[in-house]
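Working notes, structure below.
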Amino acid sequence: MRKKIVAGNWKMNLDYAEGVSLFSEIVNMIRDEQKGTQVAVICAPYIHLNSLAKLGGTTVKIGAQNCHQNESGAFTGEISAKMIQSVGCEYVIIGHSERRQYFAESDALLLEKTNIALKNNLTPIFCIGETLDERNNGSYFDVIKSQLTHGVFALSAADFAKVVLAYEPVWAIGTGLTASSAQAQEVHAFIRNEIAVQYGAEVAENTSILYGGSCNPKNAAELFAQNDIDGGLIGGASLKSRDFADIVKTFNS
Ligand code: PGA
């Protein structure tokens, strides 16, 4: 059975003390909430990872927001998947639209990052999604299919089975514009079908596909109730302990 995941993405926010404080609040609020196949994750800036992994215990798993595509070497300022794993992280976001847009990360590069993450026992949360133009001109299915084909679909079935996908329409990220539950479900069903074509029905059935883009405590329940939506990747609302905890609790309501 596929995992239900609520993953926070703190982006480039919170100094050290602020991060520890927010994280401690979140842990206290959801300590007894996780059930069965449900997982809560916080993807934090690198400086927080070591401390949060120790504070999170079994309640909240920790992820990074990026990793370098090489194992090690002369790449000043970069962080490797092995380093991330070595401080107790279990997840890493790969291919967030902000990385694609501001750091020109290509599908080919993201495939390399996914491979190195998997090699180091990190679960990639691989992001895909269309821009507003692509939504409006109707090419969004093609865009998403292309991101899958040139990104994660180059993996073996065994490796792909370890990947979590996140559908994040770029027009909904940080804008307050959420995809309607019907719009999101339509794309999630499309993605799951593409996985079935590529890897077979069983792999498709077991892949967690998260929704991201202005997800909040008010809209989470309806989004997560959709057949093919297995949780969320939460930006802004993950910076407020009450909001993030309420989104996690949505699974139990
Ligand atoms: P948002 O961000 O929830 O603030 O829209 C989501 C994301 O970028 O992962």
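The values are calculated or read from the model by the stated rules, or taken from the named source; none is laboratory data. Given the structure is predicted, the values throughout are model-derived calculations rather than measurements. A quick note on method: Cβ atoms are made from the backbone with ideal geometry, for glycine too, and the neighbour counts reach across all protein chains shown. Side chains are part of the model used for accessible areas, which takes the heavy atoms of the whole protein and leaves out ligands, DNA and RNA. Shrake-Rupley method; radii C 1.70, N 1.55, O 1.52, S 1.80 Å.
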For region 90-145, convex hull of alpha carbons as volume per residue, Å³: 79 Å³
Probe 1.4 Å - accessible area at MET29, Å² to nearest ten: 50 Å²
Long-range amide H partners of THR123 with built H, under 5 Å: TYR91, VAL92
Computed lengthening from ALA182 to ALA161, 0.36 nm per intervening residue step minus Cα-Cα distance: 5.0 nm
The chain - percent of accessible surface contributed by carbon and sulfur, probe 1.4 Å: 52 percent
Solvent-accessible ranking of ASP228, ASP32, ASP142, largest area first, probe 1.4 Å: ASP32, ASP142, ASP228
Potential extension, SER86-ASN115 segment - 0.36 nm per residue separation minus Cα distance: 8.7 nm
Modelled FRET efficiency - R0 30 Å, GLN38 with THR76, Cβ distances, 0.05 increments: 0.15
Principal axis dimensions, region 5-252 - Cα atoms, whole angstrom, descending: 46, 45, 33
Cα-centred dipole magnitude for region 143-253, charges only on beta-carbon of K, R (+1) and D, E (-1), debye, nearest 20: 300 debye
Rounded to the nearest 20 debye, dipole of region 42-164 from Cβ charges on Lys, Arg, Asp, Glu: 440 debye
Only Lys, Arg (+1) and Asp, Glu (-1) charged, at Cβ; the chain dipole about Cα centre in debye: 580 debye
Spin-label model distance (nm) - GLN101 vs ARG2, 7 Å beyond Cα toward Cβ: 2.6 nm
Estimated FRET transfer efficiency when R0 is 45 angstrom, pair ARG31-ASN137 (beta carbons, to 0.05): 0.45
Rounded accessible area per residue of region 5-252, 1.4 Å, Å²: 42 Å²
